[in-house]
């Protein structure tokens, strides 16, 4: 457990464009998903995600890629200052390059049309899930964060033990980078926001109360140790 420190498709509502998304589907303690963007995997050094920003809302970017993506960064055209949580990196030795995942976030101070840019100076494949939440505390939005790199093959992924101190929304991202394709599934009680089967990445969330939790997701019929899980607890206003 840790303390917090190219083709684009923007989808509003629930649907399927190569990966499923869900927005405006409720949340915890007044936290509500407003919009979700799941553009898939980038083929170049930059990935652009157009989005409409609303002051006071939390923008959360879950980046995923192979383990060479240590230099991934997030900026936007409105000039917001983004914060990041610790990266999870599994250099598991497959030709795909291992697994990487990291959250970036900002509480919006500006509104209007925005273009988020996810970029890397490294030679790596990467993608991103972009989610906007309303009702998150603006002063201390992150209650806790956690992550896991497996030490043995499993058929269930976890995103670390994470603590909520009230009505929180847990968000977890999972990435698998073995040579054989896998089909991920959200954990029990968790709602899938988006997935990228071409890369094997999934993001989910779950409303909770005060307590300690371990987000999970399934690898289908597969078993492996070339995955990572990362999670964050968002604090409600």
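Structural remarks
- Label-to-label distance, residue 197 versus residue 113, with points set 7 angstrom from Cα along the beta-carbon direction: 3.4 nm.
- Ordered by the number of other Cβ atoms lying within 10 Å of each residue's own Cβ, fewest first, 221, 146, 138 fall into the sequence 221, 138, 146.
- Cα gyration tensor category, rounded, prolate or oblate, for the stretch 10-235 with a/c compared to 1.5: oblate
- Remark: the residue 75-residue 188 segment gains 37.3 nm on full extension, using 0.36 nm per residue and subtracting the alpha carbon distance.
- Given R0 = 30 Å, the distance between the Cβ atoms of residue 82 and residue 123 translates into a calculated FRET efficiency of 0.85.
- Average Cα contact separation per residue, the stretch 10-235, under 8 Å, 6 or more apart, as relative contact order %: 26
- Remark: spin-label model distance residue 210-residue 165 equals 1.2 nm, labels positioned 7 Å along the Cα→Cβ axis.
- Note on residue 43/residue 156: beta-carbon distance plugged into 1/(1 + (r/R0)^6) with R0 of 30 Å gives a FRET efficiency of 0.45.
Coordinate-derived values only; no laboratory data. From a predicted model like this one, the values you see are computed outputs, not experimental measurements. Heads up, the Cβs are rebuilt from the backbone with ideal geometry, glycines too, and the neighbour counts pull from every protein chain shown.
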